Amino acid sequence: MKNIFSHSSPILMLILMSVATPIAFNGWSALLNNFVVERANFTGVEIGILQSIREIPGFLAFTIVFVLLIIKEQSFSVIALAIMGLGVAITGLFPSVYGLYFTTIIMSTGFHYFETVKNSLSLQWLSKDEAPQVLGKLIAVGSVTSLILYGFIWSLLEILKIDYIYIFLSCGVVCIGIALYLQLTFPIFEPKNTQHKSIVLRKKYLLYYILIFLSGARRQIFVVFAAFLMVEKFKYSASQVTLLFLVNYLFNWVFAERIGKIINIIGEKKSLTFEYVGLIIVFVSYGLVNNAYIAAFLYIVDHMFFALALAINTYFQKIADPKDIASSAGVSFTINHIAAIFVPVLLGFLWIYSHSLVFYIGAIFAFLSLIATQFISSNLKKT
């Protein structure tokens, strides 16, 4: 493997990107539920609308192919990273329903375009053999960063009693600073294959599209309602939510790189099968849980299973024409976010009627994913 600590290595750039993202996005996520409840009086309806709004830029990710006609992927990734940081930095300045919708759009535009391009660059820069392990390592890097971040946020909230506004601002500014560093210090890494500059939809990628769609629908239930459950039903404080996230990422740090190695050994089909069976059990358990500590345990297990989802990306890398990767990254993000536009807001209304039904629907999505996974070939090639 390349010397990852050299600025001539794209892996170092991916690592620094994996540091910047959780500082901004996870900092935002850790504070959001308490901030919107305490400062803007959100209910399940408003949080559902906010999360649906948050996913609109993800739905529009296919437009990345048009942006890439005038700017290189690597340069655009840095711009998007800075936009995400800006959105997070100003969140605390707008403690109202419409103010939070506005800052969320800014943050989300940067986040989704950045993640789209980062996924594309990762699959272009990494060989099929090294991709699972390196992608697992990047998750581990993000987890370590999140551990430090959550410890820092917990200290600011619990010990120093710092207001939300300054924590949002700090997380956003650090992300912007890293983006500037990436732009000023790294050369442009040319892709191994010239990428198509048009929207690519291919019949041979149909199973991948199905898995991505179901993953997006299922993940919305976890991202939006699992953490909200802790605040609304079990009355977790902002510092308690942060502590939960800290423990969560401690487990991710320990297991993420190992998950990459496991995928390399047993393959994508078995890895995803294990994930979806586990998620079915977790979502059903969410619907039944009445104990705050068991709910926290489920949240940690839930997040660990989601780390296995990188197998969807390595599956695509093995079946795709290398020239399709950049365009397909945008298309897949759009497909992933089709359900994200309507799932949070519809389930936000259902949430008022029954928390449990929301999570049982998540179990149904996981079951459909399990069925789709069985159509993956057991003999995918790495070359």
Quiz prompt | Residues listed by number, segment 110-135, amide nitrogen under 18 Å from Ile265 label point at 7 Å toward C-beta | solution = 129-135
Quiz item: Arranged from highest to lowest average of other beta-carbon atoms within 10 Å per residue, in what order do the peptides 287-298, 336-347 appear?
Solution: 336-347, 287-298
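Pull out the extension gain between Val284 and Glu158, defined as 0.36 nm times the separation in residues minus the alpha carbon to alpha carbon distance; nm, one decimal.
So the extension gain works out to 42.0 nm.
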Self-check item: Projected label distance in nm at Phe66 and Glu38, using a 7 Å step from Cα toward the beta-carbon
Solution: 4.1 nm
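Give Lys118/Lys261; Lys128/Lys233; Lys261/Lys323; Lys72/Lys203; Lys233/Lys269 a once-over and call out the pairs whose C-alpha atoms are over 32 Å from each other.
Values: Lys118/Lys261 21 Å; Lys128/Lys233 44 Å; Lys261/Lys323 26 Å; Lys72/Lys203 28 Å; Lys233/Lys269 36 Å.
Violating the 32 Å Cα-Cα cut-off are Lys128/Lys233; Lys233/Lys269.
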Quiz item: Computed on alpha carbon atoms, what radius of gyration and Dmax characterise the chain, expressed in Å?
Solution: 19.6, 56
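Can you give the extra length, in nm with one decimal, that the chain gains between Tyr181 and Lys203 once fully stretched, where that is 0.36 nm per residue apart less the Cα-Cα distance?
Numbers: separation 22, 0.36 × 22 = 7.92 nm, distance 4.05 nm.
Fully extending the segment from Tyr181 to Lys203 adds 3.9 nm.
Sort 45-51, 248-254 for me by packing, meaning the mean count of neighbouring Cβ atoms within 10 Å per residue, highest on top. Don't jump to the answer; show the numbers that get you there.
Working: 45-51: 21.0, 248-254: 19.0.
Highest mean packing first, the order is 45-51, 248-254.
Which order do the peptides 356-368, 94-106 come out in when sorted by mean C-beta neighbours inside 10 angstrom, highest first?
Values: 356-368: 19.8, 94-106: 16.8.
Top to bottom by mean Cβ count within 10 Å: 356-368, 94-106.
In whole percent, what relative contact order does the chain give with Cα contacts below 8 Å and a gap of six or more residues? Numbers along the way, then the final one.
On the way: 605 pairs, mean separation 115.4, N = 383.
Answer for the chain is 30 percent.
With a/c under 1.5 counting as rounded, go ahead and sort segment 324-373 into rounded, prolate or oblate using the C-alpha gyration tensor (a ≥ b ≥ c being the square roots of the eigenvalues; past the cut-off, prolate if a/b is larger than b/c, else oblate).
Working: a/c = 5.67, a/b = 1.73, b/c = 3.27.
It comes out oblate by the Cα gyration axes.
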Quiz prompt | segment 321-380 versus segment 166-186: alpha-carbon centroid distance in Å | solution = 31 Å
Quiz item: For the chain, what is the calculated [θ] at 222 nm in deg cm²/dmol (nearest 500), taking -39500 (n - 2.57) for each run of four or more DSSP H residues and dividing by its residue count?
Solution: -25000 deg cm²/dmol
Self-check item: Dipole-positive endmost among Val343, Pro322, Ile105 within segment 10-373 (Cβ charges, Cα centre)
Solution: Pro322
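Coordinate-derived values only; no laboratory data. Everything quoted here is computed from the prediction, not taken from an experiment. Neighbour counts are summed over all protein chains in view; Cβ atoms, including those assigned to glycine, are modelled from backbone coordinates with ideal geometry.
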